[in-house]
1. Of the conditions (1) closer than 18 Å to Lys121 by Cβ; (2) surrounded by 14 or more Cβ atoms within 10 Å (Cβ to Cβ), Gln52 satisfies every one except a single condition; which number is it?
2. Specify which of the listed residues (Thr134, Thr147, Thr130) is at pLDDT 95 or above, of a type in the set (Ser, Thr, Tyr) and in a strand (DSSP E or B).
3. Considering every residue within the range 155-177, establish whether at least one is closer than 16 Å to Leu60 by Cβ and assigned to a loop (DSSP other than H, G, I, E, B).
4. Out of (1) on the phi < 0 side of the Ramachandran plot; (2) surrounded by fewer than 21 Cβ atoms within 10 Å (Cβ to Cβ); (3) modelled with pLDDT of 95 or more, the odd one out for Ser212 is which?
5. Considering only the range 87-99, how many residues are more than 22 Å from the chain's Cα centre (by Cα) and in contact (Cβ under 8 Å) with a residue 24 or more places away in the chain?
6. Restricting the range 36-56 to residues that are in contact with an Asp or Glu (Cβ under 6 Å, 6 or more places away or on another chain) and among the β-branched types (Val, Ile, Thr), which is nearest to Gly100 (Cα to Cα)?
7. Look through the range 83-127, keep the residues that are small (Gly, Ala, Ser) and in a helix (DSSP H, G or I), and return whichever of them is farthest from Ala54 (Cα to Cα).
8. Just name the residue that is farthest from Gly47 (Cα to Cα) out of those in the range 156-180 that are modelled with pLDDT of 95 or more and charged (D, E, K, R).
Amino acid sequence: MNDWQQDTLDDYQRKGFAERSGYGRRPALLIVDFINGFTDPTSPLGGDFSGQLAVTNQLLAEFRRLSLPIVYTVIEYEPDFRDAGIFIKKVPSLSVLVKGSPLCEVDDRIAPQSGDYIVSKKFASSFFGTNLDTYLRSNGVDTVIMTGCTTSGCIRASAIDSLQYGYYTVVVREGVGDRAEGPHEANLFDIDAKYGDVVPIGEALDHLRGGSADSGLADQAAEDFTRWWHDGRARA
């Protein structure tokens, strides 16, 4: 963590930001847009996410071992782009993601298996205009553990909506990536401060393997903040 991040974090924590919300009781793995159009560096939308794909495979192994829900998102548009809205005006390179193209398919390195769920989306958030919330609730999910790309776009938007739909939201740091380091780090910092917990892969795996029992962290965090807030006002 560099100086500005530490200084900002210290200030945020003094003001009641950046607490831990923790995990609920039943997680789903949400793999956001690890499709060929993003994971192939030769694509106009692409980057090298080989490390993030390897981390995602570690999580896939645990989720499959535990028979927990796994969701992939893909972006795909009709050939006339009538379903792309203003988004395609802002990001014209999205035009390579035509429905049926190999660029819209999940990268073979993390290929879906029978029973995994695939959500087709048009915009940044995995929740916007999709049935993702319905699927998660029908499967008893209260926690979304997230990998994918890009951190500053679809990961951030999905994390915000995940919180707003009422899910414990966990972003695995080593499992998400962006095209540039600056937007990646800034958005991880902001997600962790306001919307979800950004955690290392070791912590996420430890939780799945039963080594973490912090489903009560949200209540404890609320109690700690209330106590801090009232103590501070009393001293004032």
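1. Here Gln52 meets the rest and fails (1).
2. Every option except Thr147 fails the conditions.
3. Within the range 155-177, none of the residues are closer than 16 Å to Leu60 by Cβ and assigned to a loop (DSSP other than H, G, I, E, B).
4. (3)
5. Selection size over the range 87-99: 2.
6. Residue satisfying both the conditions and the ranking: Thr39.
7. Taking the candidates together, the pick is Ser95.
8. The extreme case among them is Asp161.
The values are calculated or read from the model by the stated rules, or taken from the named source; none is laboratory data. Computed from a predicted model, the values in this text were never measured in an experiment. Cβ: placed from backbone, ideal geometry, glycine included. Neighbour counts: every protein chain shown.
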